[in-house]
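Student: The structure that follows is given in the form of structure tokens.
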Amino acid sequence: MLKHLIIVRGGGDLATGTISRLHNCGFPVLVLECARPTAIRRTVAFSEAVFTGCQTVEGLTCWKAETLQQAVAFLRNGKLPLVVDESGESIAALRPMAVVDAILAKKNLGTHRGMAPITVGLGPGFTAGSDVDAVVETMRGHDLGRVLYQGQAAPNTGVPGVIAGHGADRVIHSPATGQLQALRHIGDCVQEGETIAFVGDAPVNAALTGLLRGLIRDGAPVTQGMKIADIDPRIGEKKNCTTISDKARCIAGGVTEAVLHLHAAKGLSW
């Protein structure tokens, strides 16, 4: 058993902010991911390690472990491992101090308080005090990052946050079902109306001029209406394509607060 182990379910860009914060605070952290993650902001998502073997974000490298034993070896050496484990079978085997559900599925996919002494859920789909100990608000606004010990986060609106006057048009959804063929790369400057990819024979066009901040992996199977790209209208903010976002950092602060508060409130030992 690894002392003070925290298991984070999900390795997308928002989860990566939390994973990075917890690791940098000295906690051993294990990331659980699905076999085919669909992160859009792949350059700042540890989930990319599923495909590439390792992923570095802001100087911290996440290593894919092929077995749970290899993951434990990475942890004992101070490394950050990821294992493909969508159902969370590793949780019972490792008996962590805390489980953080950062899948951001807008619903609970199986996380419950019996998994660990401390359980935290991100965003809507969880009830603090019932299926998890705490919920961290993920909706942009005054309450972003707030920790709830009773009740639920704000319901999902489906409306992206506004950046430089652009909201819904920042996010691009697939026009068809099929395999994505990327024509541009994350970090490229794209023009309004430009074709940045194809899904089968259907073109995917940029709705505005800006930086291509996120794009699903080339060759990925997608369904019609699925979110596949994200454009930042602030062309001069290219560094945003390779750094953890303000939203992810705010959520990470809430998770860290929740873990430390619950550790003290439950009288757990260090």
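Only the coordinates and a few stated rules stand behind these numbers; no lab work does. From a predicted model like this one, the values you see are computed outputs, not experimental measurements. No Cβ is skipped: glycine too gets one built from the backbone with ideal geometry, and neighbour counts run over all protein chains shown.
Student: Quick one: order Arg170, Arg217, Arg113 by neighbouring beta-carbon count within 10 Å, fewest to most.
Tutor: Arg113, Arg217, Arg170
Student: Given springs between every Cα pair under 10 Å in a Gaussian network model of the chain, which of Thr18, Thr242, Thr67 has the largest fluctuation?
Tutor: Thr67
Student: Distance between the C-alpha centers of segment 61-79 and segment 248-269? Whole Å please.
Tutor: Centre-to-centre distance over Cα atoms comes out at 24 Å.
Student: Once fully extended, how much extra length lies between Gln224 and Ala202, figured as 0.36 nm per residue of separation less the alpha-carbon to alpha-carbon distance?
Tutor: Roughly 6.9 nm would be gained on extension.
Student: Give me the number: length gained by fully extending Leu68 to Ala264, i.e. 0.36 nm times residue separation minus the C-alpha to C-alpha distance, one decimal in nm.
Tutor: Difference between extended and current length: 67.6 nm.
Student: Still on this structure, please answer the following. For each of Cys34, Cys25, count neighbouring Cβ atoms within 10 Å of the residue's Cβ, then give the residues from fewest to most.
Tutor: If I rank by nearby Cβ atoms, fewest first, I get Cys25, Cys34.
Student: Could I ask something else about it? Which is farthest toward the positive dipole end of the chain among Leu60, Gln152, Gly210, measuring Cα position about the Cα centre, with Cβ charges +1 (Lys, Arg) and -1 (Asp, Glu)?
Tutor: Final value for the positive-end residue is Leu60.
Student: Hey, another quick one. Could you list Asp188, Asp201 in order of exposure, starting from the residue whose Cβ has the fewest other Cβ atoms within 10 Å?
Tutor: Least to most surrounded, the residues fall as Asp201, Asp188.
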